[in-house]
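Trainee: Attaching a single structure in structure tokens format; questions to follow.
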Amino acid sequence: MKATRSRGNDMTDLILKGTLNLAGTLNLVASNGGKVKIDAREVLVEGATGTGVPVILPPPPAAPIDTGTDVNINQSFNQSVTVGPVKKPVVALGICLQGQTPTWPGMVLPSVNNSTVFINGVRVNVEDDTGVTLPNGGTITFGQKSGPGKSSGQS
């Protein structure tokens, strides 16, 4: 692990580098409001948000139940490694819900943007990782760096 100071402000990010397999109970804390990152990407925690494609169910001519595209990660399969003073679990696969009113279940898929940091052998999910909304098979993207209003869930 390596902590580096962000340029241009007083926040210090905790940046994880190299091959790591985290195990046991562990709370990762960056100082002064910094973020926990793997290389340049923030790790996702429970409460992270993303965007999916609309679920059009039931099919026309009936009106769809909920076509909202906002997605929240509700549960990580990891509960032992947490981030910050609030101790939000780091996402290493998980369950999400999509919709204006969370209606449609989905799954967080294995990380494609992190190949080096694991929790008990499962890759830690980071910004721009994906999931799938189960009713329609639609792709979800979590915590986009450039997406408005979407976040990794870290406070």
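Trainee: Report, ordered by chain and residue number, the aspartates and glutamates lying within cross-link reach of LYS35, taken as a straight Cα distance under 19 Å and ignoring same-chain residues fewer than 8 apart.
Mentor: Partners found: ASP10, ASP13, GLU46, GLU127, ASP128, ASP129.
Trainee: First measure r as the distance between the Cβ atoms of SER155 and ASN120, then evaluate 1/(1 + (r/R0)^6) with R0 = 30 Å and state the FRET efficiency to the nearest 0.05.
Mentor: About 0.75, to the nearest 0.05.
Trainee: Let me ask something else about it. Compute the FRET efficiency between VAL86 and ALA63 as 1/(1 + (r/R0)^6), taking r as their Cβ-Cβ distance and R0 = 35 Å, and round to the nearest 0.05. Mind showing how you got there, number by number?
Mentor: On the way: r = 39 Å, r/R0 = 1.11.
The pair VAL86/ALA63 has a calculated efficiency of 0.35.
Trainee: Sticking with this structure for a sec: If you count only protein heavy atoms with a 1.4 Å probe, what accessible area per residue comes out for the chain, rounded to a whole Å²?
Mentor: Details: 7660 Å² over 155 residues.
Each residue of the chain exposes 49 Å² on average to a 1.4 Å probe.
Trainee: No solvent, one uniform scatterer per C-alpha: report log10 I(q)/I(0) for the chain via the Debye equation at q = 0.11, 0.18, 0.20 1/Å, two decimals.
Mentor: The Debye formula, applied to the Cα set alone, gives -0.42, -0.99, -1.17.
Trainee: Report, by chain and number, residues whose modeled amide H sits under 5 Å from the one on ARG123, excluding near sequence neighbours (fewer than 5 apart, same chain).
Mentor: SER111
Trainee: Provide the gained length on full extension for the span VAL112 to ASN32, in nm with one decimal, where the gain is 0.36 nm per separating residue minus the Cα-Cα distance.
Mentor: Values: separation 80, 0.36 × 80 = 28.80 nm, distance 2.92 nm.
Going from the current span to full extension adds 25.9 nm.
Trainee: Note down the nm distance, to one decimal, between modelled labels 7 Å out along Cα→Cβ at THR139 and at ASN74.
Mentor: 2.5
Trainee: Given points 7 Å out from each Cα along the Cα-Cβ axis, report the VAL53 to THR25 separation in nanometres with one decimal.
Mentor: 4.3
Trainee: How large, in percent, is the carbon and sulfur part of the accessible surface of the chain at a probe radius of 1.4 Å?
Mentor: Here it works out to 56 percent.
The values are calculated or read from the model by the stated rules, or taken from the named source; none is laboratory data. All figures in this text were calculated on a predicted structure; none of them were measured in a lab. Counting neighbours? That spans all protein chains shown, and the Cβs are built from the backbone with ideal geometry, glycine included. Ligands, DNA and RNA are stripped out before the accessible areas are found, and what is left, the full protein with its side chains, is counted by its heavy atoms. Shrake-Rupley method; radii C 1.70, N 1.55, O 1.52, S 1.80 Å.
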